[in-house]
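Contents: one structure, followed by commentary.
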Amino acid sequence: MAREDTEDAIIAYKSILAQIIDNRPSGTRQRLATALGKHRSFVTQITSPTYATPLPARHLATIVGVCHFSAAEQERFLEAYQAAHPGKLPDVGHSEKLRHLSLMVPDFGDDRKNRLLEEAISDLVQKIVAISGAE
């Protein structure tokens, strides 16, 4: 996909997300920031179509859960996300209820190390869920 096409696709799913969030009670962006363990400015960057910052796939389940997407909203948003990032869509629990779990972890003082820790924890949780769901 060409860079311009990718940017247009990102704007498309972020527009859907912004519309969903705008229809939620005040304080939703702050609840998202808290759930993601990020500053509110990060939430603004990943949810606003005016910023080219892509929405990290690892945050999708949290966003869907905190914003209480309807089935139709979730389907529309995830289709647009998939169009922007083919093959990057994780299983966000389409038919299962999600709950938020917050962890306190050390800050390594290095963005790369912190991101690797977050990804390792996310991968571990996904593997545990896959094992528990296996028959």
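Structural remarks
- Exactly one residue out of Thr34, Thr44 is modelled with pLDDT under 90 and on the phi < 0 side of the Ramachandran plot, and it is Thr34.
- Among (1) among the polar types (S, T, N, Q); (2) assigned to a helix (DSSP H, G or I); (3) modelled with pLDDT under 85; (4) within 16 Å of the chain's Cα centre (by Cα) - the single one Ser132 does not satisfy: (4)
Conditions tested, residue by residue: (1) farther than 28 Å from Ala120 by Cα; (2) of a type in the set (Val, Ile, Thr); (3) part of a helix (DSSP H, G or I).
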| position | (1), (2), (3) |
| --- | --- |
| Glu4 | yes, no, yes |
| Ile16 | yes, yes, yes |
| Pro25 | yes, no, no |
| Val43 | no, yes, yes |
| Pro54 | no, no, no |
| Gly65 | no, no, yes |
| His68 | no, no, no |
| Ala72 | yes, no, yes |
| Phe77 | no, no, yes |
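- Qualifying residues in region 63-95 (those that are of a type in the set (A, V, I, L, M) and in contact with a Leu (Cβ under 6 Å, 6 or more places away or on another chain)) - the one modelled with the lowest pLDDT: Val92
- Test: Ser41 is within 23 Å of Glu119 (Cβ to Cβ) and loosely packed, with under 15 Cβ neighbours inside 10 Å: yes
- Where a residue in region 75-91 is of a type outside the set (Asp, Glu) and its partner, wherever it lies, is at pLDDT below 80 and part of a helix (DSSP H, G or I), with Cβ under 9 Å and at least six apart: Pro90/Ser122; Pro90/Gln126
The values are calculated or read from the model by the stated rules, or taken from the named source; none is laboratory data. It should be emphasised that the depicted structure is a prediction, and the values quoted were computed from it without experimental measurement. As a convention, Cβ positions derive from the backbone with ideal geometry for all residues, glycine included, and neighbour counts pool all protein chains shown.
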